[in-house]
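Where a number appears in this text, it was derived from the coordinates with a stated rule and is not lab data. Note that the coordinates shown come from a computational prediction; the quantities given were computed from them, not determined experimentally. No Cβ is skipped: glycine too gets one built from the backbone with ideal geometry, and neighbour counts run over all protein chains shown.
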Amino acid sequence: MREMGLKVIIVDDERLALKKMEKLLNEQVELDGSLDLIGTFVDPYAALEVAKLETLDLAFLDIEMSEIDGFELANRLLEIQPQLQIVFTTAYQEYAVKAFELNALDYLLKPVNQSRLAITLQRVAVSATRTSEIDKEKVLPKLCLLQNVHYIDESGSAQSFPWKTLKAPELFAYLVYHHDKTVNKQTLMDLLWPDYDIERSTTQLHTAIYQIRKIIKEVGLFDLELKYKDGGYSFVLGELTLDVEEWERRVRLASVVTPDTLEQHLAIMALYSGDFLVEHRYMWAEYEQERIRLIWLNHVKQVAEYYASLEQYTEAMVLYQKVVDRLPHMEDGYFGLMIIYSKLNHQLEVRKQFQLISNKLLEEFDVTPSKELMDWYQEWLSGL
């Protein structure tokens, strides 16, 4: 084994399964020497003790264990070593969605075979390379409007602004999103203080501007310049980037999903931390929130359809479920799940998804599913 190989542990309370995984990994070591098997553990608590003493890169964790299950063990290991990559092993496919929700790198269905393990290890290698490249890059502060108003500091950590009032962060978000454009004072007053007279709204605007300037200095975002010109205000970002613009640019420049571009698309999806200003509920942001959300939907569907074309159904299901969770009143996620469940011959799940979207549309909009979905469902029923 190479000393520079990825340091790996295996945890499984079934000794036969543990030995099988150990044998598969040792065979992989003989092929390319890229792994360093630190230990195998029947006792999950012993694995936790090792994690306190030695830096690890990768952990294969069985999910169904009697002492503590693999999900809890993963959380405890990540508390000790946040950089650790987790791969779950399980005999039950229904655990796979939860595995990905916990940001596991991969899951393996038992009995594990060498070819499937090789795919996992390739993902580990790609992830390690990407992490190394990111570590080498200079991290520039970034302004963020996805999910909420915040910023990324020079260490790459998300930070909140210490706002004292409600209107200052809304004014800040509006001007940041419309950066490099001068917004007239009256427009800002009508937007944020529509019920105030001119004198009072002017005072409120100046107070909010003062607070914004003060907080920019306080948090050290010296590239961010708030200018007053021609009776209005504008932000100049300097070297700062804006997360929503960066994400949208990457989506639009990305080529079609192929084996060579899949990792690029997964990285783009990871950049989308939440809907545009969704936590703040600013009325002026609603149209833009919907536009950006639909771009996200189209991108996620492309990746999900690619996974489905390779019969990697669990990966596709995870993405379609994300669509359902984020857009519960749109058919796309339910329809994608119905198609996959039909391929897996899970008839009850197909019916369940159809009923869920039918009920949603009826309750919220008093309509039935689209003709396309209804035709597909009737054709599926006739084939049973």
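Remark: the Cα gyration tensor places the range 143-295 in the prolate category, a/c being 1.5 or greater and a/b exceeding b/c. Phi angles of the range 296-306 translate, via the Karplus equation with coefficients 6.51, -1.76, 1.60 and θ = phi - 60°, into HN-Hα couplings of 4, 4, 4, 5, 5, 5, 4, 5, 4, 5, 5 Hz per residue; Gly and Pro are given as x. Rounded to the nearest 500, the helix-only mean residue ellipticity at 222 nm of the chain stands at -18000 deg cm²/dmol, with each DSSP H run of n ≥ 4 adding -39,500 (n - 2.57).
If each residue of separation counts as 0.36 nm, what is the full-extension length gain between Met374 and His206 once their alpha-carbon separation is subtracted? The partial results should precede the final answer.
Working: separation 168, 0.36 × 168 = 60.48 nm, distance 5.60 nm.
Value of the extension gain: 54.9 nm.
Whole-percent P(r), the range 239-340, all Cα pairs, 10 Å bins from 0: 14, 45, 32, 8, 1. The string of couplings for the range 38-46 from the Karplus curve (6.51, -1.76, 1.60, θ = phi - 60°) is 6, x, 10, 9, 7, 9, x, 5, 5 Hz, one whole number per residue in order, with x for Gly and Pro. Only one item in [x] 44, 31, 18; [y] 49, 20, 19; [z] 31, 25, 19 matches semi-axes √(5λ) of the Cα gyration tensor in Å derived from the coordinates shown, and that item is [x]. Straight distance only, please: which lysines reach the Cα of Lys20 with their own Cα at less than 19 Å, same-chain residues fewer than 8 apart left out? Cross-link targets: Lys7, Lys110.
How high is the relative contact order of the range 246-351, in percent, counting Cα pairs under 8 Å that sit 6 or more residues apart? So the answer I get is 17 percent. Applied to the range 177-185, the Karplus parametrisation 6.51 cos²θ - 1.76 cosθ + 1.60 on θ = phi - 60° returns per-residue 3J(HN,Hα) values of 5, 9, 4, 6, 10, 7, 9, 4, 4 Hz, with x for Gly and Pro. Taking amide H as placed 1.01 Å from N in the peptide plane, the amide H of Thr89 sits under 5 Å from that of Leu61, Asp62, Ile63, Leu108, each at least 5 places away or on another chain. Dipole size of the chain about its Cα centre, with +1 on Lys/Arg Cβ and -1 on Asp/Glu Cβ: approximately 660 debye, rounded to the nearest 20.
Amide H contacts for Phe41 (H built 1.01 Å from N in the peptide plane; partners 5 or more residues away or on another chain; cut-off under 5 Å): Ile10, Val11, Asp12. Remark: relative contact order (the chain) = 10 percent; criterion is Cα-Cα distance under 8 angstrom and separation of 6 or more residues. Label positions at Glu286 and Leu348, each projected 7 Å from the Cα along the C-beta direction, are separated by 4.1 nm. So, R0 is 41 Å and r is the distance between the beta-carbons of Leu191 and Glu79; what FRET efficiency does that work out to, to 0.05? Rounded to the nearest 0.05, the efficiency is 0.40.
Take every Cα pair under 8 Å whose residues are at least 6 apart in sequence, average their separation, divide by the length of the range 136-191, and the relative contact order is 20 percent.
Residues whose amide H lies under 5 Å from that of Lys7, counting only those 5 or more places away or on a different chain, are Asp36, Asp57, Leu58; hydrogens are built 1.01 Å from N in the peptide plane.
Put a dot 7 Å past the Cα of Arg15, heading toward its Cβ, do the same for Ser157, and the two dots end up 4.6 nm apart. Site pair Thr241 and Lys227 shows an inter-label distance of 2.3 nm when each label is modelled 7 Å from Cα along Cα→Cβ. Take the Cβ atoms of Lys164 and Thr55, set R0 to 41 Å, and the FRET efficiency comes out at 0.45.
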